[in-house]
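Comments concern the structure below.
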Amino acid sequence: MLSPRFRSNHATDPMSEAHVRVTTAFNKMLSIPGATVASVEFTPEGVVVGLRRRKSRPRCPCGWKGTGVYDTSVRTWRHLDLGSSKLLLRAQIRRLDCRRCDRVRTEDVPWARPRARQSRDFEDVIAWLAQRTDKTTITRLLRTSWETVAGIVERVVAEQVDTRRLSGLLRIGVDEVSYRKGHRYLTVVADHDQAGRVVWAGEGKNAATLEAFYDQLGETGCQQLQAVSMDLGAAFKKATDTKAPQARQCADPFHLVALANEAINKARRWAWNLERDKARQAAARAGAKRRGRPPKDSPPPARDQARWVKHSRWALLKDPDALKPSQLEVLHELRRSGSVLYRCWQLKEGLRDLYRLADPADALAHLDWWLAWACRSRIPAFVTLSKTVRDNRDRILAAIELGLSNSKLEGLNSKIRLINHRGYGHHSAAALIAMIYLCCGGLTIKLPTER
Ligand SMILES: [Zn+2]
């Protein structure tokens, strides 16, 4: 239904009446804040909707309202598609000489973020999708380029990230994240008391990177820190020693278990060489003596043991509860044959038991028992591991005492790996940092339909 006003004005011109109908329909449908639809044009590139601004003084993105206009130009913004057609918003945009910024700036418009060439609604949909799905899905669904998506994510995060996220931090976790196929690193800081939410991310993985975070936190913020969990490396320890010496340092269990798994892999190669040599010697001896079937009670041929070593990788690394029957059989076979690898597995699980104790008060005794066992094991990889564990003994125990299980940070790690896998990881550090804030910083993006 047309309003009586339109009918009286345009009743004599059917074309004009149709035109009013179209603009009114678009006006209602789009309800662009701060503007009304003045024209609708169907072009090969899509539906171009001309906007007429409501009269107001130009406003700088900093918030200052100007009185004079420096100059005016026409700008186009991509809006959400209309069926299969692209929808473009077009309006005059003014520049003003901002006294607060002390330079000429483009005014802020209600329907788009500063510097954007897409409307706020379009950007919010992209950001919402980027939290949930992969690059190809977004670029194909919304017919846009990946560079555009990356720029949008950076803009949305800059606007929505909580500026107070660094205040009142008590217990934090620090970790490094690799990107560009492991050639570059970011340092990520998460808040243990906020479900592992990322509060800071910076380029690099050395002491200086973390010191930059502590500097941003300020002296008071650093003094408030009660605990910092981190890997067993020296870089984060050094930065924390200098900037927040009162905070208790905790060794992240995830990293300790990872070191134990690494030791297993090293021991496997070591043991494989050992068993292979034994097999060769045995073959040489058998060749020198008589041929034929070995007696029934003789130990299994050393050649088989070498094979077990080769095929034991997952049996040794996986959580015992998650082993498949075939992998369990490998483990039994290693035990029966008295393989050194079975002892490696026991040592690894013995260290993991530290985090499965019914009473955390037993941790000290358990760790010392394990250290004594490992350093006398005569397995080079585990002797080395025992030295690292001894150097970090207090930090390992502090993690158990304070209950900083870091499962949240572990989740964070896999989430960041997932971001990489979705195809977001191959860009600049700034783009990846923005993605990490978007997906792990506790940001809630509201869809245009939810506002
Ligand atoms: Zn300004």
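Taking every alpha-carbon pair under 8 Å whose residues sit at least 6 apart, the chain reaches a relative contact order of 14 percent. Length available on full extension from Val40 to His183: 0.36 nm per residue minus the Cα-Cα distance, which gives 46.4 nm. Per q in 0.14, 0.16, 0.17, 0.21 1/Å, what log10 I(q)/I(0) does a Debye calculation on the alpha-carbon atoms of the stretch 142-277 return? Reported log10 I(q)/I(0), two decimals: -0.75, -0.89, -0.97, -1.27. Each part gets one Cα centre, and for the stretch 31-90 versus the stretch 204-240 those centres are 46 Å apart.
For a 32 Å ceiling on Cα separation, which of these pairs sit above it: Lys243/Lys318; Lys55/Lys135; Lys266/Lys324; Lys348/Lys415; Lys415/Lys446?
Beyond 32 Å: Lys243/Lys318; Lys55/Lys135.
Rounded to the nearest Hz, the phi-derived 3J(HN,Hα) couplings of the stretch 441-451 under the Karplus curve 6.51 cos²θ - 1.76 cosθ + 1.60 (θ = phi - 60°) are x, x, 7, 10, 9, 9, 6, x, 6, 9, 8, where x marks glycine and proline.
Could you work out how much longer the chain between Lys318 and Thr133 gets when fully extended? Use 0.36 nm per residue separation minus the Cα distance between them, nm to one decimal. Spell out each step's value before the answer.
Working: separation 185, 0.36 × 185 = 66.60 nm, distance 2.92 nm.
63.7 nm is the gain from fully extending Lys318 to Thr133.
Under the rule a/c < 1.5 gives rounded, and otherwise a/b versus b/c splits prolate from oblate, where does the chain land using the Cα gyration tensor? Since a/c reaches 1.5 and a/b is larger than b/c, the shape of the chain is classed as prolate.
Taking a straight line from the alpha carbon of Lys205, these aspartates and glutamates sit under 14 Å away, with near neighbours fewer than eight places off in the same chain left out: Asp175, Glu176, Asp231. Considering the dipole of the stretch 53-200 built from charges on the beta carbon (Lys and Arg +1, Asp and Glu -1) around the Cα centre, which of Ile126, Ile172, Trp111 is farthest to its positive end? After comparing all options, I get Trp111. In this structure, Arg417 and Tyr70 have a Cβ-Cβ separation that, at R0 = 56 Å, corresponds to a calculated FRET efficiency of about 0.70. For the peptides 275-284, 240-249, the ranking by packing is 240-249, 275-284, with the highest mean count of neighbouring Cβ atoms within 10 Å listed first. Distance between the 7 Å Cα→Cβ label points at Gln246 and Arg21: 7.4 nm. Quick one: check the C-alpha center-to-center distance for the stretch 306-380 versus the stretch 158-175, whole angstrom. If you average the Cα positions of each part, the centres end up 39 Å apart.
Projecting the Cα atoms of Ser326, Leu432, Gln249 onto the dipole axis of the chain, where Lys and Arg carry +1 and Asp and Glu carry -1 at the beta carbon, places Ser326 farthest toward the positive end. Can you check what the net charge comes to around Val48, using other residues whose Cβ is under 10 Å from the Cβ of Val48 (Lys, Arg +1; Asp, Glu -1)? Charge balance in the 10 Å sphere: 0.
Rounded to the nearest 0.05, the FRET efficiency derived from the C-beta distance between His311 and Arg336 at R0 = 22 Å is 0.90. A simple spin-label model places the labels of Arg54 and Thr220 4.0 nm from each other, with each point 7 Å out along Cα-to-Cβ.
Which order do the peptides 177-184, 260-267 come out in when sorted by mean C-beta neighbours inside 10 angstrom, highest first? Numbers along the way, then the final one.
Values: 177-184: 14.0, 260-267: 19.1.
Top of the packing list down: 260-267, 177-184.
Spin-label model, Arg285 to Asp368: label points 7 Å out along the Cα-to-beta-carbon direction sit 4.2 nm apart. Rounded to the nearest 0.05, the FRET efficiency derived from the C-beta distance between Glu203 and Trp146 at R0 = 22 Å is 0.60. The dipole here belongs to the stretch 343-404: it is taken about the Cα centre, uses +1 on the Cβ of Lys and Arg and -1 on the Cβ of Asp and Glu, and is about 420 debye. Counted by Cβ distance under 11 Å from Pro110, the other residues give a net charge of +3, where Lys and Arg count +1 and Asp and Glu count -1. Label point 7 Å out from Lys446 along Cα-to-Cβ: which residues of the stretch 160-199 have amide N under 17 Å? Counting only backbone N, you get 160-162.
FYI, it's all coordinate maths here, none of it is from the lab. Not measured: the values here are computed from a predicted model. Glycine also receives a Cβ, built like all others from the backbone with ideal geometry; neighbour counts cover every protein chain displayed.
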